[in-house]
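Each remark here refers to the structure printed beneath this line.
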Amino acid sequence: MAKSKGTYEAEISKAITQWEKDFLGRGSLSVKTDILRDMIIVNLQGVLTPAEYRVCETQEGLLNIKRTRSELVESGQDDLMQLILDITGVSVNSFHSDLSTITGERVIVFKLDDNLEKTLQK
């Protein structure tokens with residue numbers, strides 16, 4: 001039996017949480033994944049530590065945290081793209097990520113080679 005869209009979304013959320021723990025040393029507080037056409041959108045809540053929030057109180061600190069966190073995630077980009085391929089069977093064309101230093105939320109968008117949502121509706 002083919003996996004449902006919700007099953008794929010749950011598997012991706014779980015795998016990204018594990019990747020965060022293994023690669024970054026800690027996971028986010030919650031992860032929600034949505035498959036939309038040829039994109040996988042991952043919303044990670046609670047990414048920043050209390051110390052990082054404090055550093056973000058200054059403009060220089062905010063830019064440093066944002067830059068450092070972006071470099072950390074982007075250094076694991078190949079692992080994340082492989083994770084998506086392993087779960088979905090669809091290659092990732094591009095990877096986009098941004099972090100809000102106000103909410104501590106990271107959004108990751110994986111742009112896929114194919115319309116995954118359409119194939120799941122068959």
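The values are calculated or read from the model by the stated rules, or taken from the named source; none is laboratory data. Computed from a predicted structure; not experimentally measured. Don't worry about glycine lacking a Cβ; one is built from the backbone with ideal geometry, like all the others, and counts go over all protein chains shown.
What the table below lists for this structure:
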{"read-out": "Those residues of segment 32-73 which are without any contact (Cβ under 8 Å) to a residue 60 or more places away in the chain, buried (at least 16 other Cβ atoms within 10 Å of the Cβ), closer than 19 Å to residue 96 by Cα and of a type outside the set (Lys, Arg), in sequence order", "value": "33, 47, 48, 65, 73"}
{"read-out": "Residue list for segment 97-122, restricted to those being within 17 Å of residue 33 (Cβ to Cβ) and touching a Phe, Trp or Tyr at 6+ places or on another chain (Cβ under 8 Å)", "value": "108, 109, 110, 111, 116, 120"}
{"read-out": "Residue list for segment 101-116, filter: assigned to a strand (DSSP E or B) and closer than 18 Å to residue 17 by Cα", "value": "105, 106, 107, 108, 109, 110"}
{"read-out": "Yes/no for residue 93 being touching a residue at least 60 places away in the same chain (Cβ under 8 Å) and surrounded by 12 or more Cβ atoms within 10 Å (Cβ to Cβ)", "value": "no"}
{"read-out": "Unique match (being of a type in the set (D, E, K, R), in contact with a Cys (Cβ under 9 Å, 6 or more places away or on another chain) and within 15 Å of residue 107 (Cβ to Cβ)) among 66, 32", "value": "66"}
{"read-out": "Residues (in a loop (DSSP other than H, G, I, E, B) and of a type outside the set (Ser, Thr, Tyr)) located in segment 45-65", "value": "46, 47, 48, 56, 57"}
{"read-out": "Enumeration of residues in segment 96-120 that are without any contact (Cβ under 8 Å) to a residue 40 or more places away in the chain and closer than 18 Å to residue 10 by Cβ", "value": "119"}
{"read-out": "Evaluation of residue 21 against (1) part of a strand (DSSP E or B); (2) more than 12 Å from the chain's Cα centre (by Cα); (3) of a type outside the set (Phe, Trp, Tyr) (one fails), failing number", "value": "(1)"}
{"read-out": "Single residue of segment 9-24 satisfying the filter (among the acidic types (Asp, Glu) and surrounded by 15 or more Cβ atoms within 10 Å (Cβ to Cβ)) that is nearest to residue 117 (Cα to Cα)", "value": "9"}
{"read-out": "Residue 11 being closer than 25 Å to residue 93 by Cβ and in a helix (DSSP H, G or I)", "value": "yes"}
{"read-out": "Number of positions in segment 4-31 that are among the basic types (Lys, Arg), free of Cβ contacts under 8 Å to residues at least 24 places away in the same chain and under 21 Å from residue 85 (Cβ atoms)", "value": "2"}
{"read-out": "Matching entry among 68, 119 (being modelled with pLDDT under 95, out of contact with any Gly (no Cβ under 7 Å at 6 or more places or on another chain) and not in a loop (DSSP other than H, G, I, E, B))", "value": "119"}
